[in-house]
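Quick notes on the structure that follows.
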Amino acid sequence: MSSYKLVFGKVCHLPVELEHRALWALRQLNLDIEAADTSRVTELHEVDEFRYHAFESTRLYKERMKMMHDKNILERNFKPGDMVLLYNSRLRLFSGKLKSKWSGAFRVVEIHPIGDVEIAAENDSCTFRVNGNMLKHYLDMNDAKVVSVTHLLEPQMLSEP
């Protein structure tokens, strides 16, 4: 018995022996190093191809989602003299769900090319600029509306001459 086994109760393995066993195990598992190299390269190419297909499917998905969202965007064209409502995003006084966040009616005074609109209150001469995305058309209750009315005839009225 070795003195190491007497003291610790197990066989001593030196690092040189472990390296030799590891090298032996590698040789047993990878009989042909060139075949292992080529299989590793093909696996790397497959990973790259998988990544490319994932990128393409993500790009197509984003394009489809953008097309769906853009389809629902309403184009708002304002002209000077139009009546508009202004979205009040800072209205946090009351947490009422039924309280409208649109204030106004304002009159469009001027439209600037970068998207901002100059508006004024109906009874006030003070004008101010706002983002055109914060406005929507105001439909007044006094505007003329076209209403079509259909009259239903009772069956007895149809039989009388």
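Points worth noting:
- Between L74 and A54, the FRET efficiency estimated from the beta carbon spacing at R0 = 30 angstrom works out to 0.30.
- The local environment of H112, defined by Cβ-Cβ distances under 13 Å, has a net charge of -2 under the rule Lys, Arg +1 and Asp, Glu -1.
- Computed accessible area, C12, all protein chains, 1.4 angstrom probe, square angstrom: 50
- Local electrostatic count, R129, Cβ distance below 10 Å [Lys/Arg +1, Asp/Glu -1]: -3
- Y87 sits among other residues whose Cβ lies under 11 Å from its own Cβ, and their net charge, with Lys and Arg +1 and Asp and Glu -1, is +3.
- Protection proxy ranking, peptides 67-77, 45-55, 105-115, average beta carbon neighbours within 10 Å, highest first: 105-115, 45-55, 67-77
The values are calculated or read from the model by the stated rules, or taken from the named source; none is laboratory data. Computed from a predicted model, the values in this text were never measured in an experiment. Methodologically, a virtual Cβ is constructed for each residue, glycine included, from the backbone with ideal geometry; neighbour enumeration extends over all protein chains shown. Areas reflect the complete protein model, heavy atoms only, side chains present, ligands, DNA and RNA absent. Shrake-Rupley method; radii C 1.70, N 1.55, O 1.52, S 1.80 Å.
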